[in-house]
Amino acid sequence: QQPVQSPQAVILREGEDAVINCSSSKALYSVHWYRQKHGEAPVFLMILLKGGEQKGHDKISASFNEKKQQSSLYLTASQLSYSGTYFCGTGQPNRDDKIIFGKGTRLHILP
Amino acid sequence: GAVVSQHPSWVICKSGTSVKIECRSLDFQATTMFWYRQFPKQSLMLMATSNEGSKATYEQGVEKDKFLINHASLTLSTLTVTSAHPEDSSFYICSLTGSPYNEQFFGPGTRLTVL
């Protein structure tokens, strides 16, 4: 089942914060976050496996709610390099390793 | 993370011809690789799971006779688009799964344009 991302697009000024949400009507086995710049392949950001989990690196962090039906990606004090399309993806419980991606959120940072 | 390469980076071909795209894992032995297709401003759509030494597993709606996948070794998977048509024009990306969290590492992608 494809996870639902919101918003579809965000425009921010450099230094502002952003939140991108990823949700599903059913509990997700895992949540993966990726960023893709135009014309390039997606780059792995982080993965969350457990309900209630939160993790981050530098000024990008993510949370996974207790019911494992929603994850949010937090971009703090955004930088120009954060521009791109962010995808969340959900793993599968049968361990076949494939990921189903949401439709993406386009983030554009203005100087 | 794993390093994945794809060749070619882009290809332009005439309608009706076949195109082969290679995906190589440079530093990781991958028993499983994935092939995605991405249309402009759209999400990554999983096409198939490539299994080393066995047949690929195709997602619903993907024609296995049109998109031939061969995973002959632990470091190479190929996708052949047979009798390509303009509607097959897209960005094709392969990936493999890392350890221990099953994060996916993507190749740089191949942009196919069918005239």
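Observations on the model:
- Candidates in region B:75-92 are the residues that are surrounded by fewer than 16 Cβ atoms within 10 Å (Cβ to Cβ) and not acidic (Asp, Glu); of these, the one that is farthest from the other protein chains (Cβ to nearest Cβ) is B:83.
- Members of region A:19-37 that are surrounded by 19 or more Cβ atoms within 10 Å (Cβ to Cβ) and either more than 14 Å from chain B (Cβ to nearest Cβ) or not polar (S, T, N, Q) (or both): A:20, A:22, A:24, A:28, A:31, A:32, A:33, A:34, A:35
- Of the residues examined, residue B:78 is not one that is outside any loop (DSSP other than H, G, I, E, B), at pLDDT 95 or above, of a type in the set (S, T, N, Q) and out of contact with any Asp or Glu (no Cβ under 9 Å at 6 or more places or on another chain).
- Filter result for residue A:2 (farther than 23 Å from residue B:91 by Cα, in a loop (DSSP other than H, G, I, E, B) and within 10 Å of chain B (Cβ to nearest Cβ)): no
- Restricted to region A:36-111, the set of strands (runs of 3 or more DSSP E) holding at least 3 residues that are within 19 Å of residue A:24 (Cα to Cα) comprises A:43-48, A:60-64, A:70-75, A:84-90.
- Among the residues listed as A:5, A:1, the single one being touching a residue at least 60 places away in the same chain (Cβ under 8 Å) and touching a Gly at 6+ places or on another chain (Cβ under 8 Å): A:5
- Residue B:1 being surrounded by fewer than 16 Cβ atoms within 10 Å (Cβ to Cβ) and facing chain A (nearest Cβ under 10 Å): yes
- Of residues in region A:34-61 being among the hydrophobic types (A, V, I, L, M, F, W, C) and closer than 15 Å to residue A:78 by Cβ, the one farthest from the chain's Cα centre (by Cα): A:60
- In region B:8-55, the residues that are buried (at least 21 other Cβ atoms within 10 Å of the Cβ) and either of a type in the set (A, V, I, L, M) or not in a strand (DSSP E or B) (or both): B:21, B:30, B:33, B:44, B:47, B:48
The values are calculated or read from the model by the stated rules, or taken from the named source; none is laboratory data. Only a predicted model underlies this, so the values are computations on that prediction, with no experimental measurement involved. So basically every Cβ, Gly included, is an ideal-geometry build from the backbone, and we count neighbours across all protein chains shown.
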